[in-house]
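For reference, the structure discussed in these notes is given below.
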Amino acid sequence: MGNALFCEYESVIARPEILSRCPLSADEITELLAAFLGVCEWVQIYYAWRPNLRDEQDNHVVELAIAGNAATIVTNNLKDFQRSELSFPQLAIQRPEDLIRS
């Protein structure tokens with residue numbers, strides 16, 4: 001976990017369209033996020049791998065994964081991670097359901 005990703009998670013869970021579809025209350029969502037963050041390992045990014053992805057806002061996710069020695073980035077946003085300028089063969093990009101099935 002890094003600061004930029006944390007801020008992105010906070011922003012997404014506060015969106016009205018997310019809140020309206022979620023069966024949890026706002027307090028329960030906040031508690032769930034806090035529990036999730038409590039088990040995350042915070043990582044510092046010391047090297048920027050840029051330019052890399054077409055969507056500049058996704059580059060920090062790859063940099064965080066590389067800095068944290070992650071094996072997989074789990075996202076539903078596969079298309080933005082498939083056309084990278086740099087190759088990281090040790091880093092897989094998977095959808096959540098594919099990770100669970102594996």
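The values are calculated or read from the model by the stated rules, or taken from the named source; none is laboratory data. Since we're looking at a predicted model, the values are computed, not measured. Heads up, the Cβs are rebuilt from the backbone with ideal geometry, glycines too, and the neighbour counts pull from every protein chain shown. Surface accessibility is based on the protein's heavy atoms, side chains included, excluding ligands, DNA and RNA. Shrake-Rupley method; radii C 1.70, N 1.55, O 1.52, S 1.80 Å.
Observations on the structure shown:
- Just the protein heavy atoms count here, and of the accessible area of the chain at 1.4 Å, carbon and sulfur take up 54 percent.
- Working from Cα pairs under 8 Å separated by at least six residues, relative contact order for the chain is 23 percent.
- A cut-off of 5 Å between modelled amide H atoms, ignoring neighbours fewer than 5 places along the same chain, links ILE73 with ALA92, ILE93, GLN94.
- Applying the Karplus relation 6.51 cos²θ - 1.76 cosθ + 1.60 with θ = phi - 60° to segment 69-77 yields 3J(HN,Hα) values of 6, 6, 8, 8, 9, 9, 7, 8, 9 Hz, where x marks Gly and Pro.
- Each Lys and Arg Cβ is given +1 and each Asp and Glu Cβ -1; about its Cα centre, segment 1-63 then shows a dipole of about 160 debye.
- Among [x] -0.46, -0.63, -0.91; [y] -0.54, -0.71, -0.96; [z] -0.54, -0.65, -0.82, the entry derived from the coordinates for log10 I(q)/I(0) by the Debye sum over Cα atoms at q = 0.12, 0.14, 0.17 Å⁻¹: [x]
- Each residue of segment 59-67 is assigned a 3J(HN,Hα), and the resulting list reads 4, 5, 5, 5, 4, 5, 4, 5, 5 Hz, derived from the Karplus form 6.51 cos²θ - 1.76 cosθ + 1.60 (θ = phi - 60°), x at Gly and Pro.
- Mean accessible surface per residue for the chain, computed with a 1.4 Å probe while every protein chain stays in place, in Å²: 73 Å²
- Within segment 78-102, backbone nitrogen closer than 20 Å to the virtual label 7 Å beyond the Cα of ARG21 toward Cβ: 78-81, 94-100
- Spherically averaged projected area of segment 41-81 from its Cα convex hull (nm²): 3.0 nm²
- Folded to 0 to 90 degrees: helix 3-13 orientation relative to the chain principal axis, Cα: 40 degrees
- In order along segment 17-24, the Karplus-derived 3J(HN,Hα) couplings, from 6.51 cos²θ - 1.76 cosθ + 1.60 at θ = phi - 60°, round to 5, 6, 4, 5, 9, 9, x, 8 Hz, and Gly and Pro are given as x.
- Multiplying the residue separation of THR72 and PHE88 by 0.36 nm and subtracting their alpha-carbon distance yields 4.7 nm.
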